[in-house]
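**Q** One structure follows; several queries about it will come next.
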Amino acid sequence: AESPLHEQIDTAVSKYQALSNENLATAAEFQRRVYLDLLGTIPSAQETRSFLEDGAADKREQLVNRIIADPRLNHRLANVFDIMLMERIADGQVKSAQWRQYLYDSFVANKPYNVLAREILNSNGADPAFRPAARFYLDRAGETNRLTRDVGRMFFGMDMQCAQCHDHPLIDGYFQRDYYGLFAFLNRSHILTDSAKKNYFAEKSVGNVSFKSVFTEEAGETGPHLPGDAPIAEPVHNKVDEYKVRPRANVVTVPTYSRREQLAHTATNGKNKAFNRNIANRLWGLMNGRALVAPVDLQHAENPPLNPELMNVLELGIVQLNFDVKAFLREVALSKTYQRAYQLDSSVKVTAAYIQEKLESVETVQTELSKQVLAASQVWEQQQVILAELDTQWTE
């Protein structure tokens, strides 16, 4: 059987550091740390005394389990995700209290993160039960370029704003066609205001996307696709079959084929590496003070994770845990890496021979990774040719 995620974390970390994970923080330090990270507060005097006087060998695990079940964690996570997704945007069509209540209720129900993200990305604000989820779109005024940037940043860890007018001048992997592939999921959506001045995020059944580089004058047209993917094959409907809810006054249109619904599904089905990595990276940063990839919205080949193997463990782990945020945080808290003391024990001696041994191990890994990067680059070049052919076919 595969080892628990917290053990996989420690194994991955031990390969990239010179010191052992065995030098753990004291019980008091650990208790304070896990309270601050998970509950946003320090333990009470009674909680501290009770924990320190507990003689159980597994008292740290028991403490983590109690905190994961503590109602205060739901408030903490609601606040964390509010700031992460809305960045303190002023109230608009959906009041922040309603939005935070929606997030709080989601964590009370232990809603998986991919389900939460799917609701947010697909909400039009018409269903009262999910109207708060539409705040992500509505309080950004439904502006497509702004939404393209923020969806890329917050759900995929990629700030592609500078690829709006041309391929990114500083980041090789951020292409203009990928920006507009993401843009195409959203360009059919628009704000609809009813007679009561209430806004919704409706969607049309038509609307294509073209773009032109201001640097090279190269022009193109694309259907919706996530960065690095080929355009999604879309069904064709007769005019009379284009809508589930047809356009008319004060009615939120719903197309038979919704690009935004396709975005919500494609991003959250567990197969998109960028989506999985983004949330794993952000949750690791929540617990450890710094994410493995920082800034968290600039993930690309030239800004690799501090520990690539650990990043792979985390992004696979969040999927294997079915995007259970609390279970993921529990595993991080149970790792020796998280529990490690800040200061070295006076008895710890790091010899030159030990460092040399570790260095040779890292160099071996680096050589192997370099080979993998070269092979991946060759595959990438081949895929670029295929993608160019698909773009040509799409334009024709």
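**Q** Restricting to the stretch 337-377, and then to whatever is among the basic types (Lys, Arg) and open to solvent by less than 90 Å² (accessible area, probe 1.4 Å), can you tell me which residue is modelled with the highest pLDDT?
**A** Applying the filter and picking the extreme gives 340.
**Q** What pairs can you find where one residue is in the stretch 212-228 and modelled with pLDDT of 90 or more, the other is in a strand (DSSP E or B) and of a type outside the set (Gly, Ala, Ser), and their Cβ atoms are less than 6 Å apart, with a gap of 6+ or different chains?
**A** 222/209
**Q** Within the stretch 254-277, is even one residue among the β-branched types (Val, Ile, Thr) and closer than 20 Å to residue 312 by Cα?
**A** Looking through the stretch 254-277, at least one residue is among the β-branched types (Val, Ile, Thr) and closer than 20 Å to residue 312 by Cα.
**Q** Here is a further query. Of 56, 78, 129, 109, which residue is in contact (Cβ under 8 Å) with a residue 12 or more places away in the chain and either among the aromatic types (Phe, Trp, Tyr) or on the phi < 0 side of the Ramachandran plot (or both)?
**A** None of the other options fit; the residue is 78.
**Q** Just checking, how many residues over the stretch 152-209 are of a type in the set (A, V, I, L, M, F, W, C), touching a strand residue (DSSP E or B) at 6+ places or on another chain (Cβ under 6 Å) and in contact (Cβ under 8 Å) with a residue 60 or more places away in the chain?
**A** Total meeting the criteria: 5.
**Q** Going through 202, 291 one at a time, which residue ends up being in contact with a helix residue (DSSP H, G or I) (Cβ under 9 Å, 6 or more places away or on another chain) and modelled with pLDDT of 90 or more?
**A** Exactly one residue qualifies, and that residue is 291.
**Q** Report, by residue number, each residue of the stretch 105-128 that is open to solvent by less than 50 Å² (accessible area, probe 1.4 Å), polar (S, T, N, Q) and part of a helix (DSSP H, G or I).
**A** 106, 114
**Q** Could I ask something else about it? Hey, among 236, 240, 296, which residue is in a loop (DSSP other than H, G, I, E, B) and open to solvent by 60 Å² or more (accessible area, probe 1.4 Å)?
**A** The unique qualifying residue is 236.
**Q** Here are 309, 234, 315, 302: which of them is farther than 30 Å from residue 370 by Cβ and among the acidic types (Asp, Glu)?
**A** 234
**Q** Hey, can you tell me all the residues within the stretch 93-109 that are touching a helix residue (DSSP H, G or I) at 6+ places or on another chain (Cβ under 6 Å) and modelled with pLDDT of 95 or more?
**A** 94, 98, 99, 100, 102, 103, 104, 106, 107, 108
**Q** If you don't mind, there's one more thing I want to ask. Could we say that residue 146 is open to solvent by 40 Å² or more (accessible area, probe 1.4 Å), over 19 Å from residue 266 (Cα atoms) and within 19 Å of the chain's Cα centre (by Cα) here?
**A** Yes, satisfied.
**Q** Could you check, for the stretch 200-210, whether at least one of its residues is loosely packed, with under 15 Cβ neighbours inside 10 Å, over 23 Å from the mean Cα position of the chain (by Cα) and of a type in the set (D, E, K, R)?
**A** No - not one qualifying residue is present in the stretch 200-210.
The values are calculated or read from the model by the stated rules, or taken from the named source; none is laboratory data. Here the structure is a predicted model, which is why all the values come from computation and not from measurement. Quick reminder, even Gly has a Cβ in these numbers, built from the backbone with ideal geometry, and neighbours come from all protein chains shown. Surface areas here come from the heavy atoms of the whole protein model, side chains and all, with no ligands, DNA or RNA. Shrake-Rupley method; radii C 1.70, N 1.55, O 1.52, S 1.80 Å.
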